[in-house]
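**Q** Okay, handing you the structure first.
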Amino acid sequence: MKKLCAKFAGLAALFLLMPYAWAAPGDGISGTAHDFSGISSPQTGACTFCHTPHQAQAQALLWNHTLSTNNFSWLETTTTGGTPYSTFAGDTYKGPTAKCLSCHDGSVAIGDIGWWNGGAPGAPLLNSFITGGFQIGEGGDMTGNHPVAMPFPYGSAANTYNSVTNGASALLSGWQPTPEANGIKLYTDDGTSVFAGVTPGQTGMECTSCHDPHNGSEVQDIFFLRGLLGGNTADYICVKCHDKG
Ligand code: HEC
Ligand code: HEC
Ligand code: HEC
Ligand code: HEC
C-alpha cells in the first residue's frame, strides 16, 4: 500500500510539473501549455492571460496581455526567393504574430495582463518569463526563424502583405496555390487591417498559420501544429504550403 502511495505521489508530482501532459492534439485549450487557469493565484479564467471583454489593449482580438516593445527583424535582408524579410513593432503590428511574441520573446512576464476581475491587477499574476527553447525573437532578433508577418505566394502569384511583396526569384510553382484547403490559416492585409482569410494579391502568413494557440479542432499534432510534425504524407506540416513534389 505504502509502495503504491509513493508511486501515485510520484505520478502526481510528474503531472504537476507537466500540467499539459493530459491534453491531446485538437482537444481544446484545457490542460495545454496555454491553460493558465490552474497555475495563477488567484485563479483566473482560461482566456484571461490573452483576452478580456473590457479595457483591452487592442480592439483586435480584445488583447489583454501586455505587448512587447521590441522591433522585430531578421539579420538577412531577403529570402532566397528575393522577398525582403519583414520588420514589425511588437506593440503596433496588427497581425497575430505580435500577440504570440508578447510572451514568447521573453521580454514580458507571462502573467503581465491589463485587466481581470474589474481592475488592473497590481502585480503580474504569474511572475515568470519564457526562456530556453520556447523563447523566439529575443530582443527582436528573428534570425533563425521561419518567415512570419510575410506574404504567401497565394494562387501561385506574388502577393503583398505587411508592405512586403514576394520576390522575383520566389519559384511560384514551389508553393501550394491554396493551402487553406489543407487546414492552414492565412490572412489578408488590406492596408488598413489584418484579418483571417485569403484575398488574392494580399495574402500572408503568421505564427498562427502553423499553430493554433487554442489547440482547436484543426490541430493535428503536438506543439499546437496544424499538421503533422513528422513524416512525408500530405498532412506533414511543411508540405501543406510547400509543393516540393
Ligand atoms: C495563449 C493566448 C491565448 C489564450 C489563452 C486564448 N487565446 Fe484566443 N486567441 C489568441 C490568439 C493569438 C488569437 C489569434 C489566432 C488566430 O488568428 O488564429 C486568438 C483568437 C481568438 C478568437 C478569434 C479567432 C478565432 O479563432 O475564432 C477568439 C474568438 C478567441 N481567441 C477566443 C478565445 C477564448 C474564448 C479563450 C479561452 C477559452 C481563448 N481565446 C484563449 C490567443 C489566446
Ligand atoms: C500569455 C502568454 C503566451 C502567449 C500570448 C502565447 N504563448 Fe505560447 N506558450 C506560453 C507558455 C508559458 C508556454 C509554455 C512554455 C514552457 O513550457 O516553457 C507556451 C508554449 C507554447 C508552445 C509549445 C506547446 C507545447 O505543447 O509544448 C507553442 C507551440 C506555443 N506556445 C505557440 C504560441 C503561439 C503560436 C502563440 C500566438 C498565437 C502563443 N504561443 C502565444 C505562453 C504564451
Ligand atoms: C512554418 C510553420 C511555423 C511557423 C510560421 C511558426 N512555427 Fe512554431 N513550430 C513549428 C514547428 C514545425 C515546430 C516544431 C519544431 C520541432 O521541435 O521540431 C514549432 C515549434 C514551436 C514552439 C515549441 C518550441 C520549439 O522551438 O520547438 C514554439 C514555442 C513555437 N513554435 C512558437 C512559434 C511562434 C511564436 C511563431 C511565430 C513567431 C511560430 N512558432 C511560427 C512551425 C512553425
Ligand atoms: C503557411 C505556409 C508555410 C508553411 C506551413 C511552411 N512554409 Fe516555409 N515558407 C513559406 C513562405 C511564404 C516562405 C517565404 C516565401 C518567399 O521567399 O517569398 C517560406 C520560406 C521557406 C524557406 C526559404 C527560406 C529562405 O531563406 O529563403 C524554407 C527553407 C522553408 N520555408 C522551409 C519550411 C519548412 C521546413 C517548413 C515546415 C517546418 C515550412 N517551410 C512550412 C510558407 C510556409
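The values are calculated or read from the model by the stated rules, or taken from the named source; none is laboratory data. Here the structure is a predicted model, which is why all the values come from computation and not from measurement. Backbone-built Cβ (ideal geometry, glycine too); neighbour counts: all protein chains shown. SASA here: full protein model, heavy atoms, side chains in, ligands and nucleic acids out. Shrake-Rupley method; radii C 1.70, N 1.55, O 1.52, S 1.80 Å.
**Q** If you take the residues of region 80-104 that are among the hydroxyl-bearing types (Ser, Thr, Tyr) and under 14 Å from PHE195 (Cα atoms), which of them is most open to solvent (accessible area, probe 1.4 Å)?
**A** My answer is TYR93.
**Q** Tell me, please, whether a residue that is more than 13 Å from ligand 2 (Cβ to nearest atom) and surrounded by 19 or more Cβ atoms within 10 Å (Cβ to Cβ) can be found in region 61-73.
**A** Yes - at least one qualifying residue is present in region 61-73.
**Q** On to the next question. Evaluate the following for GLY114: is it crowded, with 21+ Cβ neighbours inside 10 Å and among the small types (Gly, Ala, Ser)?
**A** Answer is no for this residue.
Table: residues versus (1) in contact with a strand residue (DSSP E or B) (Cβ under 9 Å, 6 or more places away or on another chain); (2) assigned to a helix (DSSP H, G or I); (3) modelled with pLDDT of 95 or more; (4) within 16 Å of ligand 2 (Cβ to nearest atom).
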{"residue": "ASN145", "(1), (2), (3), (4)": "no, no, yes, yes"}
{"residue": "VAL148", "(1), (2), (3), (4)": "yes, no, yes, yes"}
{"residue": "ALA168", "(1), (2), (3), (4)": "no, no, no, no"}
{"residue": "SER173", "(1), (2), (3), (4)": "no, yes, no, no"}
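**Q** Additional query: Is it the case that THR233 is out of contact with any strand residue (DSSP E or B) (no Cβ under 9 Å at 6 or more places or on another chain), farther than 25 Å from LEU61 by Cα and free of Cβ contacts under 8 Å to residues at least 40 places away in the same chain?
**A** For THR233, the condition - out of contact with any strand residue (DSSP E or B) (no Cβ under 9 Å at 6 or more places or on another chain), farther than 25 Å from LEU61 by Cα and free of Cβ contacts under 8 Å to residues at least 40 places away in the same chain - is met.
Here is a yes/no grid of residues against (1) among the aliphatic types (A, V, I, L, M); (2) not in a loop (DSSP other than H, G, I, E, B):
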| residue | (1), (2) |
| --- | --- |
| GLY28 | no, no |
| THR32 | no, no |
| PRO42 | no, no |
| PRO53 | no, no |
| PHE72 | no, yes |
| GLU76 | no, no |
| GLY82 | no, no |
| ILE110 | yes, no |
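**Q** Go through the residues of region 185-205 one by one and say whether even a single one is among the charged types (D, E, K, R) and open to solvent by less than 60 Å² (accessible area, probe 1.4 Å).
**A** Within region 185-205, one or more residues are among the charged types (D, E, K, R) and open to solvent by less than 60 Å² (accessible area, probe 1.4 Å).
**Q** So which residues in region 80-127 are within 16 Å of ligand 4 (Cβ to nearest atom) and β-branched (Val, Ile, Thr)?
**A** THR80, THR83, THR87, THR97
**Q** What number of residues in region 32-47 are open to solvent by less than 70 Å² (accessible area, probe 1.4 Å) and either modelled with pLDDT of 80 or more or away from ligand 2 (no atom under 11 Å from the Cβ) (or both)?
**A** Residues in region 32-47 being open to solvent by less than 70 Å² (accessible area, probe 1.4 Å) and either modelled with pLDDT of 80 or more or away from ligand 2 (no atom under 11 Å from the Cβ) (or both): 10 in total.
**Q** Does HIS214 fit the bill of being within 19 Å of the chain's Cα centre (by Cα) and either open to solvent by less than 50 Å² (accessible area, probe 1.4 Å) or not small (Gly, Ala, Ser) (or both)?
**A** Yes, satisfied.
**Q** Follow-up question, since we're still on this one. Scan region 184-228 for residues that are acidic (Asp, Glu) and either in contact with a helix residue (DSSP H, G or I) (Cβ under 6 Å, 6 or more places away or on another chain) or within 11 Å of ligand 4 (Cβ to nearest atom) (or both) and jot them down.
**A** GLU206
**Q** State the number of residues belonging to region 99-137 that are more than 9 Å from ligand 2 (Cβ to nearest atom) and under 15 Å from the mean Cα position of the chain (by Cα).
**A** Going through region 99-137 one residue at a time, the tally reaches 3.
**Q** Let me ask something else. Just name the residue that is nearest to ASN166 (Cα to Cα) out of those in region 70-107 that are of a type in the set (A, V, I, L, M) and within 13 Å of ligand 3 (Cβ to nearest atom).
**A** Top of the filtered list is ALA98.
**Q** Let me ask something else. Looking only at region 218-237, count how many residues are open to solvent by 60 Å² or more (accessible area, probe 1.4 Å) and within 16 Å of ligand 2 (Cβ to nearest atom).
**A** Residues in region 218-237 being open to solvent by 60 Å² or more (accessible area, probe 1.4 Å) and within 16 Å of ligand 2 (Cβ to nearest atom): 5 in total.
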